[in-house]
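The values are calculated or read from the model by the stated rules, or taken from the named source; none is laboratory data. On a predicted model such as this, the values are computed, not experimentally measured, just so you know. Virtual Cβ from ideal backbone geometry, glycine too; neighbours counted across all protein chains shown. These accessible areas exclude ligands, DNA and RNA; they are computed on the full protein's heavy atoms, side chains included. Shrake-Rupley method; radii C 1.70, N 1.55, O 1.52, S 1.80 Å.
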Amino acid sequence: MKEHKFWTTQPVPQWGDGPPTGEDGYIEPPKAHDEIRKEPYTLPKEFEWALMDIDDPKESKEVYDLLCANYVEDDEAAFRFNYSSDFLKWALKPPGYHKEWHIGVRVTSNKKLVAFISGVPMSVRVRSKVVSAAEVNYLCVHKKLRSKRLAPVLIREVTRQVHLKGRFQAIYTGGIVIPTPISVCRYYHRSLNVQKLVETKFCFVPRNMTLARMIKVHQLPTATSIEGLREAEEQDVPKLHDLFKRYMARFSMAPEYSKEEMHHQLLSGRGTGNLGDGGTGRREGQVIWTYVVEDPQTHAITDFFSFYSLPSTVINNTKHSVLEAAYLYYYGTETAFVPGAEEDRTLQKRLLSLIGDALLVARDANFDVFNALTLMDNVPFLKELKFAEGDGFLNFYLYNWKTAALAGMAPVGDVPAGKGVGVVML
């Protein structure tokens, strides 16, 4: 593990610390308000701080442009996340968000936005304790300025702003390994538009297969299989919230959402107008798809699934400029509470049907690929539904909180793979 000068100064588990002893809890105690620095951290002289207003179309576009040109790329630099303005509003404006946590850096001379970091408030349960934390995301520095050491200053500044609001923990993820992940999950990919994925070099035709055969292997049924499946509506939120709460209690780490937060996460990003207004199977500006299963007799909500849209720019491809990717978000089913449902694979069978139908909804909305991580109850259904193992890994981190490792792509102790992590980061 290489040395990280910045992270060795932070309240995070360090390399070689070994598993934590005693109870889970903070590494550094909370500070009194008057102990927290009131002045922003010092930037190199040619830069200045800027609080970004995501509601302002001009400033939102600046954040969008910065992320589109400089944010996460794959190892071969063939794909780069392409966050829409609608997505950023959904991700950065949950109930109770703070504008002060949307932090930019501009060049003083021309006011060009060259760096960004964000935080949003989040309550997360880690094992038996609920932590009032910040979800920190979208740390991005312009490619030409990576030598300026702006990232540590951005992290310090967002930490200061979070502390000023009385929160002293954070959750964050990254593709890179820094001190010290509490869990690691692997990406899996389910091909929906095989031909386009091959043409963009997202995947390749195996040696023992033709393209036509590969397309046939990944063909999905024409119609969904679960009776009572429909789009979620406003009136479903209380029932959705109840099912979500009980279902997520089965995982070692999970978000604690209020009904208002649940509404935001699963319904507020559904776009405007009717399905079809934003293209086949889509509303204008839609970023989240949420479906429920309503029992025809009792009208109870027995299941739900959701996925979000995060396209990628295809770099240097003359035929395709965008790869339409759906990402599995939260889901739940009453089947999990049937005695013996995991042991006799009843739960696995139900999830195969439920997520199988999610794949159909995504295909019919013209998504090219459906992505999922090895978290929650995903592991038992990924291979059955023909998800292919990806090259990417996502490391989960907690700031100023010590806890033992959580089961992600690998089991930990008697906790099966996936069941340690019930948080999906946008």
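Data table
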{"item": "Binned Cα-Cα distances of the stretch 7-173, short to long, each 10 Å bin given as a whole percent", "result": "9, 35, 35, 18, 3, 0"}
{"item": "Cut-off 11 Å between beta-carbons: net charge of the residues surrounding ALA134, Lys and Arg +1, Asp and Glu -1", "result": "+1"}
{"item": "Net length gained if the chain between ARG250 and LYS349 were fully extended (0.36 nm per residue, minus Cα distance)", "result": "33.8 nm"}
{"item": "The stretch 7-173 - percent of accessible surface contributed by carbon and sulfur, probe 1.4 Å", "result": "52"}
{"item": "FRET efficiency, 1/(1 + (r/R0)^6) with R0 30 Å, evaluated for ARG207 and SER128 via beta carbons", "result": "0.05"}
{"item": "LYS386-GLU48 FRET efficiency (beta carbon distance; Förster radius 56 Å; 0.05 resolution)", "result": "0.65"}
{"item": "Length released on extending from GLU231 to GLN195, taking residue separation times 0.36 nm less the Cα-Cα span", "result": "10.1 nm"}
{"item": "THR290 accessible area, assembled protein chains, probe 1.4 Å, Å²", "result": "10"}
{"item": "Over the chain: helical MRE at 222 nm, DSSP H runs n ≥ 4 each giving -39500 (n - 2.57), nearest 500", "result": "-6500 deg cm²/dmol"}
{"item": "Descending principal axes extents, the chain, alpha-carbon based, whole Å", "result": "60, 54, 45"}
{"item": "Angle in degrees between helix 57-70 and the longest Cα principal axis of the chain, rounded to the nearest 10", "result": "80"}
{"item": "Relative contact order computed over the stretch 260-306 (Cα-Cα under 8 Å; 6+ residues apart), in percent", "result": "28"}
{"item": "Quarter of the Cα convex hull surface for the stretch 184-402, i.e. its orientation-mean projected area (nm²)", "result": "14.7"}
{"item": "HIS241, HIS33, HIS98, reordered so the largest accessible area comes first (probe 1.4 Å)", "result": "HIS33, HIS98, HIS241"}
{"item": "Members of LYS99/LYS383; LYS144/LYS386; LYS129/LYS165; LYS99/LYS419 lying beyond 30 Å, as alpha-carbon distances in this model show", "result": "LYS99/LYS383; LYS144/LYS386; LYS99/LYS419"}
